[in-house]
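Written below as structure tokens is the structure these notes are about.
Since every read-out is calculated from the coordinates, none of them should be taken as a lab result. Keep in mind that this is a model prediction, so the values were computed, not measured. When we count neighbours, we look across all protein chains shown, and the Cβ atoms used for this are built from the backbone with ideal geometry, even at glycine.
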């Protein structure tokens, strides 16, 4: 009869507990390992993010380096441009100083020329005119008609020469004359100038119509000279008309607003309009219409000094119209 060994329950319980403890420890180890792996994965992802950020930063630095290089090139170009501008400005300054010096020299020469014209040329001219007048007064009875005609021509040409000298002096001095700008009542000025001119031509049938014209801003003396020349031309070139019809008006839509002097005189051919405002340029012989050919050039120079412009329209035997612009002088 075989004997059977019975396990001690306490030992089985101890082994079970030991096995349970080992399982628990293994689970703890497994959880710890998983946590470590998770931490490692997180660190890996974090490292990847850092690497990506580093790459982005490097790219940004690289891009900034290119931008900095472009900025440096732009700055160098700007410095070169500034240096070029400085050199050109210095050249312009030197050129301006030279031009100023030349202008002063020219002005002095013009003043000397004006003095010479005023004194040296007038003296022999006065002598010619005086002797011709003395001959006409003292020796006219001894001269035949042809001789008296010659003396008359001498006197007339001496007078024409004197007028030409006056006009040239006025033209040369205009560029150096100081301007004093005021508000000008253009209608009143035109009326006064026309009255003076009409008094010099008694017996003529002269009619002036003044439209609605605004005031202007400018040098009153110079603008008076403009109206004097234009109105005297209108009177002169209408002398073949039984009734001279002259108009002074204003066209607001013409050239931004323009004054005009219109007449019903002999007019001119528009193909020669470019010659009107040149010095000594005449469209009619002096034997037909007196004058020196300086008046309209003087008009243009005065208007140009005021910042305006002047032009003309006309037709042969149909009259002429002269336009000019001036700065506005406020309400009429």
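Counting neighbouring beta carbons within 10 Å and listing from fewest to most, the residues 306, 159 come out as 159, 306. Projected label points at residue 48 and residue 29, each 7 Å from Cα along the beta carbon direction, are separated by 3.0 nanometres. Annotation: the residues 294, 61, sorted from fewest to most other C-beta atoms within 10 Å of their own C-beta, follow the order 61, 294.
Here 82, 165 are placed in order of increasing Cβ neighbour count within 10 Å, fewest first, which gives 82, 165. Normalised size of the stretch 203-257, defined as Cα radius of gyration per 2.2 N^0.38 Å with N residues, equals 1.31. May I ask you to give the average projected area over all directions of the convex hull of the Cα atoms of the stretch 182-324, in nm² rounded to one decimal? Approximately 8.1 nm², given one-decimal rounding.
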